[in-house]
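**Student:** The structure is given below, and queries will be raised subsequently.
The values are calculated or read from the model by the stated rules, or taken from the named source; none is laboratory data. No experiment lies behind these values; they were computed from the predicted model shown. Glycine also receives a Cβ, built like all others from the backbone with ideal geometry; neighbour counts cover every protein chain displayed.
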Amino acid sequence: MRRSSLDKFREDLRLQQVYNTLLRYGYDAVLNRSPLVGNFRHAMQSWTWRLPKGWEEPGTAVKLRLMLEELGPTYVKIGQIVSSQASVLPVDWATELARLQDAVPPFPAEQVRERIIEELGAPPEELYASFEPEAFAAASTAQVHRAFLHDGTKVAVKVQRPHISSVVRADLGILENAARVVSSRSESVRAMDLVGMLEQFSSGVLEELDYRGEAYNALRLTENMANLPGVHVPAVYPDLSTSKVITQEFIHGVKVSDVEAIESAGLDRDEIARNALRALVKQLPVDGFFHADPHPGNLLVDLDTGVLTFIDLGMMGELEVQQRLRLAQLMIVAQQGSVDGMAGALRGMSVPFRGDVDEKAFRRDFARRVGRYMGHGRVVSFGQVASEGFELLRIHGLRLDADMTLAVKALVQTESVARALSTGSGLIAEGVPMLMDQVREAVTGEKIIEVAKKQLIGVAGQVAERIPTLTEATAKWLDQYQKGRFEVTVDTSQVSKEVQKLTRLGREIVIAVMLVGMLVGSAIATYGIAAAHLQGGLWDVMARIAPFGFVISLLVSFLIVFRLTWRWFRGSAADED
């Protein structure tokens, strides 16, 4: 994530706010650990605030939720991601973190009106037949208002919180800087690529702040879910939507986890559970475009019709064909009860993040840890397989990529929802037959022909672009054939450069050998004539030439060395010497 000077300034201010908040909650936790000080604080709080007798101070989980809400939307989002792993959290912690999904205070109605005028160019009373100024739902980055269009359609208007983008960017910058510092000091953290994980998280959070992406996601998911019974995606009204305001169809319903309300309405819980499973199975291994956060707050059930609706489509995942096949393979081998097959599927979906991986050790540990859930007619939970699998991958220096991690977690969340609704056997037992049925529906003769036509049109377009070139080339070949010869053009530009380098190198070697020979020869001749006391005629001439040749060779050598040193000092290319 690129950061300007203004972003860094905001980060410094935001860092001070975060530090003060953490320090305040930290002091509270430390003081409460001391029985004497904690009891005194408890008594003083009761006296100061006139609290009723017998009141209990909120627990650690409650304070953690309050702290995350006070820190702001980025930290609320992190808490929501952690809350999706309810199976590995204490019950009270999971309950409190789950409240982060809808327990955020709204911002004032005046700011809502200003944002709508800024984005849509007119006040809400003109754009809508009626608009409720008070929000009926508030999230970490936005809040939702009820409204009616002029044709009487009831809609939900989601309005982004003021200045949320700058706050989120500052928070993400702080987290990324912290990750870089920790990574620079810890080899294990660096091997996990914590910086890369946070950068990917940052890009996802920033994309969610652009509601045009959510509108596109809704349109695409609507097309994919069109043929599934009991599943719905809210319609989006583009004329009343921008990057910071989005107007969608209003969805009546309760959370899919509200089993009591569903039963009171006389709905078939098993059917709703099967619809949820069928929808995610189609989204993941079949379509490869899926809701990345299907927690109960994002799945609503209409108590009149029993239709299940996916809302909050800001966070979506996408899988390539190979990834979809891997995910389908994992589901199939899990249904078959093949522990080794599940180990192989997970290994195929993962990549190493430190050193070499001991494949045998990974498969052995996987068989030992996951095998205890299998056999004797027991039905294995996909969540159990995923939880153990993630832990073993980490232990053995492996990890799934971000998209596959989101996909597996989405399946785990859907299975937990289905199990809460139904007494069925879960994703592995029921999801695989659904997968087979949907694959058979997707791979029909008509659809194969349709895909082939699309591919043929694309290929035809590329061929059409190349036809003029092919025509010219064919005419040239015919001309050459008529002349009785073919011309082949060979590009030797690179070869010529290498040949020139070799020629230059050979010339330099010859000069060097000659200089060394002159130096050595002149020195030997001068010394020999002087030592032997040779005089007269030719020896006198040689005695005069030898020192002169030595001096000339020495000067030339000195000039060459000086030239090379000067060129290297200036950074000239080596092949230019």
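**Student:** If you go through the stretch 238-262 one residue at a time, how many are among the charged types (D, E, K, R), closer than 22 Å to V155 by Cβ and without any contact (Cβ under 8 Å) to a residue 60 or more places away in the chain?
**Tutor:** 2
**Student:** Which of the residues that make up the stretch 293-309 are modelled with pLDDT under 90 and touching a Lys or Arg at 6+ places or on another chain (Cβ under 8 Å)?
**Tutor:** Result: P296, G297.
**Student:** Let me ask you something else. Output the residues belonging to the stretch 381-414 that are farther than 22 Å from V195 by Cα and in contact with a Ser or Thr (Cβ under 7 Å, 6 or more places away or on another chain).
**Tutor:** G383, S387, Q413
**Student:** Now for a different question. Of the residues that sit in the stretch 208-226 and are touching a residue at least 12 places away in the same chain (Cβ under 8 Å) and out of contact with any strand residue (DSSP E or B) (no Cβ under 9 Å at 6 or more places or on another chain), which one is farthest from V286 (Cα to Cα)?
**Tutor:** D210
**Student:** Regarding V144, is this residue part of a strand (DSSP E or B), in contact (Cβ under 8 Å) with a residue 12 or more places away in the chain, farther than 30 Å from D270 by Cβ and aliphatic (A, V, I, L, M)?
**Tutor:** Judged against the criteria, V144 is a match.
**Student:** Being more than 17 Å from the chain's Cα centre (by Cα), outside the structural domain of E69 (by TED's automatic domain parsing) and under 22 Å from V76 (Cα atoms) is the requirement here; does R185 meet it?
**Tutor:** Here the answer is no, as R185 does not meet what is asked.
**Student:** Would you point out which residue out of L280, L267, L300 is more than 21 Å from E207 (Cα to Cα), assigned by TED's automatic domain parsing to the domain that holds D403, free of Cβ contacts under 8 Å to residues at least 40 places away in the same chain and in contact with a strand residue (DSSP E or B) (Cβ under 8 Å, 6 or more places away or on another chain)?
**Tutor:** Details: L280 fails: free of Cβ contacts under 8 Å to residues at least 40 places away in the same chain; L300 fails: free of Cβ contacts under 8 Å to residues at least 40 places away in the same chain.
When all the criteria are applied, what remains is L267.
**Student:** A follow-up question, please. Of the numbered conditions (1) touching an Asp or Glu at 6+ places or on another chain (Cβ under 9 Å); (2) modelled with pLDDT of 90 or more; (3) of a type in the set (A, V, I, L, M, F, W, C), A215 fails exactly one; give the number of that condition.
**Tutor:** (1)
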